[in-house]
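Comments concern the structure below.
The values are calculated or read from the model by the stated rules, or taken from the named source; none is laboratory data. Just so it is clear, the structure is predicted and the values come from calculations on it, not from any experiment. Note that we place each Cβ from the backbone using ideal geometry, even for glycine, and neighbour counts take in every protein chain shown. Each accessible area value is taken on the protein alone, full model and side chains, heavy atoms only, with ligands, DNA and RNA left out. Shrake-Rupley method; radii C 1.70, N 1.55, O 1.52, S 1.80 Å.
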Amino acid sequence: EVNRDTMEAVEQALFGVTLTEEPSGCPEHIEHYVREVFHGDGARIWFDKCFTIVAFNDGRVGWHFEHTYADAPVPGLMSEHALIYSNPSTTHLRRYPQPAGPVYDGDAA
């Protein structure tokens, strides 16, 4: 019953979160970080989710994305938006206009 409930919760989740007990190794050992975010030991990442957030004990975070043509653009654009639009020094990288509220013309028939 516990296994069934656990599998049901995992299957219904929109994305996964992996909390590791080890440091990322960045920036000195970037290959360790990349390997852990890409596949880890093969048991810590739920590979059929759109994305999994991999958090290391030193505060670094990586995103493991599903690589199919239909799944990858959504988290890719989410991360691009978060990284570029949250940093004032990246205004030159912004490709999309800032969202604006709807404009209504009360005189239009």
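Whenever a residue of the stretch 1-13 is under 16 Å from Thr52 (Cβ atoms), its partners that are not charged (D, E, K, R), lying with C-beta atoms within less than 7 angstrom and at least six residues away or across chains, give the pairs Val10/Trp46. On the stretch given as the stretch 43-52, residues that are open to solvent by 50 Å² or more (accessible area, probe 1.4 Å) and at pLDDT 80 or above total 1. For the stretch 1-25, filtered to residues that are farther than 15 Å from Phe38 by Cα and not in a helix (DSSP H, G or I), the residue that is least open to solvent (accessible area, probe 1.4 Å) is Ala13.
Take His32 and decide whether it is open to solvent by less than 80 Å² (accessible area, probe 1.4 Å) and part of a strand (DSSP E or B). In short, no.
Taking the criterion of being in a loop (DSSP other than H, G, I, E, B), of a type outside the set (D, E, K, R) and either at pLDDT 80 or above or in contact with a Lys or Arg (Cβ under 6 Å, 6 or more places away or on another chain) (or both), the residues of the stretch 53-84 that qualify are Phe56, Asn57, Gly59. Per the conditions (1) over 22 Å from Leu83 (Cβ atoms); (2) touching a residue at least 12 places away in the same chain (Cβ under 8 Å); (3) outside any loop (DSSP other than H, G, I, E, B), the sole criterion not satisfied by Asp48 is (3). Scan the stretch 85-109 for residues that are of a type in the set (Ser, Thr, Tyr), modelled with pLDDT of 70 or more and either part of a loop (DSSP other than H, G, I, E, B) or within 11 Å of the chain's Cα centre (by Cα) (or both) and report the count. Of the residues in that region, 2 qualify.
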